[in-house]
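Colleague: Handing you a structure now.
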Amino acid sequence: MVSKYALHILQKALHAALTTCLVIFTSLQMFAQKTEVDSLARRKKIILSSGAVLTTASYIGLNSLWYKGYPKSPLHSFNDNDEWLQMDKVGHMTTTYYLGMIGYESMRWSGMNENTSLFLGGSVGLIYMTGIEILDGHSAQWGFSWGDQIANFSGTTLFVLQQKFWKEQRINLKFSYSNSRFADVNPEQLGRNFQQRILKDYNGQTYWASYNISSSLASGAAFPKWMNIAIGYGVDGLTTAKIDVNSVNNFQRTRSYYLSFDADLNRVRWPKKWMKTTARILSFIKLPSPTLEMQSGGKVKMHALFF
């Protein structure tokens with residue numbers, strides 16, 4: 001019998017895969033080469049129709065695959081804030097941040113004005129993820145998570161406020177992943193292969209807030225425009241959502257905080273347009289760099305190269 005936590009994680013994994021498709025599709029449209037036949041009206045149709053189709057398809061797919069087999073209930077909430085040492089919440093924040101960025105830049109590309117692009121396009125992630133929470137809230141198996149929703153709102157707010165007041169993203173949320181040994185202990189929940197584990201194994205994930213140093217310096221300062229400093233958060237020892245007192249292995253659940261260097265690939269002067277486009281699409285990945293780690297137990301490590 002598959003546990004409710006396994007099914008819930010699988011549902012979230014499907015959502016992540018569908019979100020990835022949305023990001024890739026809209027990114028390709030956003031960076032499409034301009035031609036004479038391109039018009040703002042045509043671009044608007046591309047953005048609005050593709051977004052509507054992918055969003056509708058993802059909701060239908062989620063409802064059919066994961067919710068249909070479980071009893072429905074009136075909209076209700078549940079508290080999952082003590083699960084996974086809050087790594088899932090950081091993931092929600094990062095997802096809405098990047099979907100907001102894609103929404104904003106796609107609408108600007110299509111010719112929509114700044115305010116519409118910022119407040120409507122920048123809220124795409126919040127709107128989409130709220131729909132996921134409502135589906136959860138109507139399922140007796142789960143519920144609407146206010147912790148998830150606060151994280152969704154935080155990611156959207158981070159993007160919108162920076163774009164509104166700085167006209168740029170000085171703080172970028174980023175992601176990195178390395179295989180952990182804990183997925184083998186509970187592959188049902190943490191994944192059986194790399195493709196599953198990169199979405200489901202929180203032990204191998206690290207989320208970063210990467211700040212561009214030059215954005216705080218004078219415009220003529222002799223400092224690399226692309227150099228960032230990053231603060232990261234990760235966990236270790238998680239084989240289930242909550243502490244399992246009956247676990248055979250006595251793993252210590254720990255948090256880790258990181259301080260590292262990074263690069264904003266969007267600020268690099270690339271010689272070729274395809275290089276700039278590729279860097280733009282991959283800019284959510286934290287680059288391997290020397291890193292200082294401090295664990296919740298007080299242990300400090302220095303990594304010559306950490307990803």
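Colleague: Using +1 at the C-beta of Lys and Arg and -1 at the C-beta of Asp and Glu, which of PRO74, VAL300, ALA279 has the Cα lying farthest in the positive direction of the dipole of the chain?
Modeller: Looking along the dipole axis, the top candidate is ALA279.
Colleague: Quick one: which of 290-297, 214-221, 168-175 comes out on top by average Cβ neighbours within 10 Å, and what's the full order, highest first?
Modeller: Packing order, densest peptide first, comes out as 168-175, 290-297, 214-221.
Colleague: Evaluate the charge dipole of the chain about its Cα centre and quote only its size in Debye, nearest 20, assuming +1 on the Cβ of each Lys and Arg and -1 on the Cβ of each Asp and Glu.
Modeller: 920 debye
Colleague: Next question. Scan the chain and note any complete DSSP helix (H) whose C-alpha atoms cover at least 27 Å along its axis and whose Kyte-Doolittle average is 0.0 or more.
Modeller: Once both thresholds are applied, what remains is 4-30, 40-62, 146-165.
Colleague: Same structure again: To the nearest 0.05, what FRET efficiency results for HIS76 and LYS273 with a Förster distance of 35 Å applied to their C-beta separation?
Modeller: For HIS76 and LYS273, the calculated efficiency is 0.10.
Colleague: Which lysines have a Cα lying under 28 Å from the Cα of LYS174, excluding residues fewer than 8 positions away in the same chain?
Modeller: Within reach: LYS12, LYS89, LYS164, LYS200, LYS225, LYS242, LYS272, LYS273, LYS276, LYS286, LYS299, LYS301.
Colleague: Cβ neighbours within 10 Å, averaged per peptide: list 129-137, 270-278 in order, most packed at the top.
Modeller: Ranking, from highest mean packing down: 129-137, 270-278.
Colleague: Under 11 Å from the 7 Å Cα→Cβ point of SER50, by amide nitrogen: which residues of segment 85-128?
Modeller: Residues 106-107, 110 fall inside that zone.
Colleague: Using label points projected 7 Å from each Cα along Cα→Cβ, tell me how many nm separate PHE119 and LYS225, to one decimal.
Modeller: Here the modelled spin labels are 3.2 nm apart.
Colleague: Could you check how many percent of all C-alpha pairs in the chain are farther apart than 32 Å?
Modeller: Value for the chain (Cα pairs over 32 Å): 31 percent.
Colleague: What percent do you get for the relative contact order of the chain when only Cα pairs under 8 Å and 6+ apart count?
Modeller: 15 percent
Colleague: Something else: Cross-link candidates for LYS68: which aspartates and glutamates have Cα within less than 13 Å, leaving aside residues fewer than 8 places away along the same chain?
Modeller: Within the straight-line limit of under 13 Å, LYS68 reaches these aspartates and glutamates: ASP136.
Colleague: Still on this structure: Using the Cα centre of the chain as origin and beta-carbon charges of +1 (Lys, Arg) and -1 (Asp, Glu), tell me which of ILE150, VAL90, LEU54 is placed farthest towards the positive end of the dipole.
Modeller: Going by the charge dipole, the pick is LEU54.
Only the coordinates and a few stated rules stand behind these numbers; no lab work does. Keep in mind that what you see is a predicted model, and the values were worked out from it rather than measured. Neighbour counts are summed over all protein chains in view; Cβ atoms, including those assigned to glycine, are modelled from backbone coordinates with ideal geometry.
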